[in-house]
Amino acid sequence: MFLIKTYLSKSAIHGLGVFAGEHIPKGTVISRMAPGFDQVWDLAEFEALPELAQDYIQRNGWLNNGKYYMNIDHGLFTNHSRDANVATQPDDSEVAVRDIAKGEEITCNYTEFNESFDECPHFEEIRRKGVG
Amino acid sequence: MYLVKTYIDKSGIEGTGVFAGEDIPKGKAVWKLVRGFDQVFKPADILKLPEDAQEYIKKHGWLWRGSVYMSADNGLYTNHSDDPNTIESEDRETEFAARDIKKGEELTCNYREFSEEFMTTLLSMKRFSGPGAVRANRGDPCF
């Protein structure tokens, strides 16, 4: 879940995006997984869900070490950028890698944390544009 | 979980809203509670969560028969209308189109059909009273 003020708005990258609702200094931890709020499924639980739910999780969540994770707040809408302004830590928390101005879109690099990125058809457009 | 195509956009009602991404005929099931996907909380567990998470649940969830429910998808952002175009089943687990809904029309429900208990019970909890409480169940600030 986001630990800073955010809002949703139209993104120049893709559909809706998440925007900083306040100035965020470099180094700020901007989000952290909140157990019991953000969602986690092991593969068996994931496969037991209806196809539509699985599809949604693949689009909006991520696969890490055999488990699917998904935020339930604005984190659902964080877009990918190869020049992301937040970096994902090993514990799935995210840190601002530079100062982020109020009103700037918050972006992360999906390749840093999503093991399904290379195969998942939902990310084909991003892969085509290049993620280097 | 929405069973029809939807998208989120700026709402004429308040903040963010959910819009039909396809034409929906009257009577069609548009949303269904999917256990294991949509969230089901015990109120006591909510009070153990970080305060911001509690605020978010207060705004986007609803109480029904002792549990608090929250959609995990665009259902999070469905706005209230006094003349909604969806209607809940008696068990509150399915929503149907109350009339024909055109692609691009905002999907709305009547919070009072399922939220009155949520409002009165949760707002009486210590953490859910105070200045923020009046914002409960309002659209998400956006755009």
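The values are calculated or read from the model by the stated rules, or taken from the named source; none is laboratory data. Computed from a predicted model, the values in this text were never measured in an experiment. Cβ: placed from backbone, ideal geometry, glycine included. Neighbour counts: every protein chain shown. The area values use the complete protein model at the heavy-atom level, side chains included, leaving out ligands, DNA and RNA. Shrake-Rupley method; radii C 1.70, N 1.55, O 1.52, S 1.80 Å.
A few points about this structure:
- Filtered residues of region A:25-74 (kept if surrounded by 20 or more Cβ atoms within 10 Å (Cβ to Cβ), free of Cβ contacts under 8 Å to residues at least 40 places away in the same chain, closer than 18 Å to residue A:89 by Cα and among the hydroxyl-bearing types (Ser, Thr, Tyr)): A:68
- From the list A:124, A:45, A:115, the lone residue that is farther than 21 Å from residue B:73 by Cβ and assigned to a helix (DSSP H, G or I) is A:124.
- Scan of region B:36-67 for residues that are within 12 Å of chain A (Cβ to nearest Cβ) and either in a strand (DSSP E or B) or closer than 20 Å to residue B:8 by Cβ (or both), ordered by number: B:37, B:38, B:39, B:40, B:41, B:55, B:56, B:57, B:59, B:60, B:61
Yes/no per residue for (1) modelled with pLDDT of 95 or more; (2) of a type in the set (Phe, Trp, Tyr):
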{"residue": "A:36", "(1), (2)": "no, no"}
{"residue": "A:40", "(1), (2)": "yes, no"}
{"residue": "A:43", "(1), (2)": "yes, no"}
{"residue": "A:47", "(1), (2)": "yes, no"}
{"residue": "A:55", "(1), (2)": "no, no"}
{"residue": "A:62", "(1), (2)": "no, yes"}
{"residue": "A:65", "(1), (2)": "no, no"}
{"residue": "A:72", "(1), (2)": "no, no"}
{"residue": "A:76", "(1), (2)": "no, no"}
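- Each residue in region B:50-77 was checked for being under 25 Å from residue A:68 (Cα atoms) and in contact with a Pro (Cβ under 9 Å, 6 or more places away or on another chain), and 2 of them qualify.
- Residue check for residue B:101: modelled with pLDDT of 85 or more, within 11 Å of chain A (Cβ to nearest Cβ) and over 13 Å from the mean Cα position of the chain (by Cα): no
- In region B:79-97 there is at least one residue that is in contact with a Leu (Cβ under 8 Å, 6 or more places away or on another chain), within 19 Å of residue B:20 (Cβ to Cβ) and assigned to a loop (DSSP other than H, G, I, E, B).
- Close Cβ contacts (under 7 Å, 6 or more residues apart or on different chains) running from residues in region B:1-19 that are closer than 12 Å to residue B:30 by Cα and within 11 Å of chain A (Cβ to nearest Cβ) to residues that are in a loop (DSSP other than H, G, I, E, B) and among the aromatic types (Phe, Trp, Tyr) comprise B:1/B:37.
- Set A:66, A:61: member being under 24 Å from residue A:4 (Cα atoms) and of a type outside the set (Asp, Glu): A:61
- Apart from one condition, residue A:22 fits all of (1) touching a residue at least 60 places away in the same chain (Cβ under 8 Å); (2) within 9 Å of chain B (Cβ to nearest Cβ); the exception is (2).
- Condition check for residue A:94: out of contact with any Ser or Thr (no Cβ under 9 Å at 6 or more places or on another chain) and not polar (S, T, N, Q): no
- Tally of residues being within 16 Å of residue A:76 (Cα to Cα) and within 11 Å of chain B (Cβ to nearest Cβ) across region A:37-50: 4
- Within region B:28-35, not a single residue is open to solvent by less than 50 Å² (accessible area, probe 1.4 Å), at positive phi and not in a strand (DSSP E or B).
- Here residue A:53 does not qualify as farther than 17 Å from residue B:73 by Cα and within 14 Å of chain B (Cβ to nearest Cβ).
- Failed condition for residue A:32, given (1) charged (D, E, K, R); (2) within 10 Å of chain B (Cβ to nearest Cβ); (3) closer than 27 Å to residue B:6 by Cα: (3)
- Of the residues screened, residue B:10 is not one that is open to solvent by less than 10 Å² (accessible area, probe 1.4 Å) and more than 26 Å from residue A:48 (Cβ to Cβ).
- Candidate set: region A:1-19, residues that are within 10 Å of chain B (Cβ to nearest Cβ), open to solvent by less than 30 Å² (accessible area, probe 1.4 Å) and in a strand (DSSP E or B); chosen: the one nearest to residue A:125 (Cα to Cα): A:16
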